[in-house]
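This report refers to the structure that appears directly beneath it.
The values are calculated or read from the model by the stated rules, or taken from the named source; none is laboratory data. Everything numeric here is computed off the predicted structure, so don't read it as measured data. Virtual Cβ from ideal backbone geometry, glycine too; neighbours counted across all protein chains shown.
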Amino acid sequence: MSKDRKIYFISGGGTGGHIYPALSVIQELLKRKDTAKIYYIGNPKNMEYDIVKKLSGVEFLPVSVMGMPRKISFGLIKFFLMLFVAVIKSIIYVSKYKPDAVFTTGGYVSAPIALVAPYMGVPLMIHDCDAVPGLVSRLVAPRAKVVSVAFESSKSLLKNKNVICTGNPVRGEFLTVTKEQARAKLGLRNKMTVLLTGGSQGAKTLNETAIKAAQAMVEEYDVQFVIQTGRKKYDDFIKEISEYFPNYTQNTNLVIRPYFDEMYYALKSADIVIARAGSLSLSELTLCGSACILVPYPYAAADHQRKNARQAEKMGFALYCEDKDFKRDRMLELVKSLVNNPDYVKKMSKSAYANSKPQAKEEIIENLISIIK
């Protein structure tokens, strides 16, 4: 194999917020002629396995790790044993495949290779998506050659002299797919569309409120209402909505899916998006020009979702609602305030586009390549 062609290890998993930024970087690296091979290090029991296995040109390398328990228990002993085995596996992977660089996007899945790489002479770059960096990012940042973050406020929280604010990398389709293409793909008509999503795992509060509000949304407001329930929550959602809205299957305005593998179609199809306030979600929403109703998860680490949502509200593309207040009547009130004011929705959309960072992926790739000796 030519020395001019590079081998990359990519890692990050557990949730879409860690996986999809990694995938967007992979997408760009695969286009480059100097990329020889990409290996993805992840947990085979997590969603990253199913997603990465669909990619051609990427090989999955398994490590079995779990999130660290916050209390002293048997689970903590199990965590350290699994981490030890995962670190040994990572050492073997580095010795066998000899990567030119390692890029991680945080989460416990990325910890083993991020810990190993610097000590084996492999340059490490990490990216953290959140306003408040995660534990793994804070732990490994001092040994990384470069750290990229989504928020300026994150820079002071990481101990590294080379921290850059790039925004979050997202897949190219968020920039290229049009609203018309997205609606055609999902079988939607050209009319006001509201999307509700709790992310890859779904959100209990959002789902429960959507169940109670769905009939009014599609009959009284006459909007297309698209709901992503989360795979594990789909069956319960269908069971409950059948009780509140027995004839829901007969209304063509209502679309219920467990999960969208190609989330850009769902986001691009919508005029209004009701969502949590994870950092990656906000990056995708700004690139899609989405007018948002944000309901931050109240138990997020360091309360970063509330901070994200308030920032989006200040930027002018989101309405804010506390999780405890997100009931049927409040949701309908917020949606009605936007549906009845399409000019304001357009203004919010323009604010979203104005705050997007479409060049994040290119900046990250440039810095990743620069750390290779």
Task: Checklist (1) touching a residue at least 24 places away in the same chain (Cβ under 8 Å); (2) assigned to a loop (DSSP other than H, G, I, E, B) applied to LYS71, failing item - done: (1)
- [ ] Take the stretch 44-58 and flag every residue that is in contact with a Ser or Thr (Cβ under 8 Å, 6 or more places away or on another chain) and buried (at least 20 other Cβ atoms within 10 Å of the Cβ).
- [x] none
Open item on the list: Take the conditions surrounded by 18 or more Cβ atoms within 10 Å (Cβ to Cβ), free of Cβ contacts under 8 Å to residues at least 24 places away in the same chain and over 30 Å from VAL122 (Cβ atoms) and apply them to ALA300. Does it pass?
Closed with: yes
Task: Count of the stretch 298-346 residues which are over 21 Å from THR286 (Cα atoms) and of a type in the set (S, T, N, Q) - done: 1
Task: Residue satisfying all of: in the stretch 300-329; over 17 Å from the mean Cα position of the chain (by Cα) and either assigned to a loop (DSSP other than H, G, I, E, B) or not assigned by TED's automatic domain parsing to the domain that holds ASP271 (or both); farthest from LEU206 (Cα to Cα) among these - done: GLY316
TODO: Given the conditions (1) more than 23 Å from ASN190 (Cα to Cα); (2) buried (at least 24 other Cβ atoms within 10 Å of the Cβ), report the number of the one that CYS292 does not fulfil.
DONE: (1)
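Condition check ((1) more than 30 Å from PRO99 (Cβ to Cβ); (2) surrounded by 14 or more Cβ atoms within 10 Å (Cβ to Cβ)) across all residues:
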site: GLY316; (1), (2): yes, yes
site: GLU322; (1), (2): yes, no
site: PHE326; (1), (2): yes, yes
site: LEU334; (1), (2): yes, yes
site: LEU338; (1), (2): yes, yes
site: VAL345; (1), (2): yes, yes
site: ALA354; (1), (2): yes, no
site: ILE364; (1), (2): no, yes
site: ILE369; (1), (2): no, yes
Task: For GLU180: the one exception among (1) outside any loop (DSSP other than H, G, I, E, B); (2) more than 16 Å from the chain's Cα centre (by Cα); (3) surrounded by 17 or more Cβ atoms within 10 Å (Cβ to Cβ) - done: (3)
Task: Wholly enclosed strands (runs of 3 or more DSSP E) of the stretch 214-294 bearing at least 3 residues more than 22 Å from ALA352 (Cα to Cα) and under 25 Å from the mean Cα position of the chain (by Cα) - done: 254-257
Task: Those residues of the stretch 309-326 which are of a type outside the set (A, V, I, L, M) and touching a helix residue (DSSP H, G or I) at 6+ places or on another chain (Cβ under 6 Å), in sequence order - done: GLY316, PHE317, TYR320, ASP323, PHE326
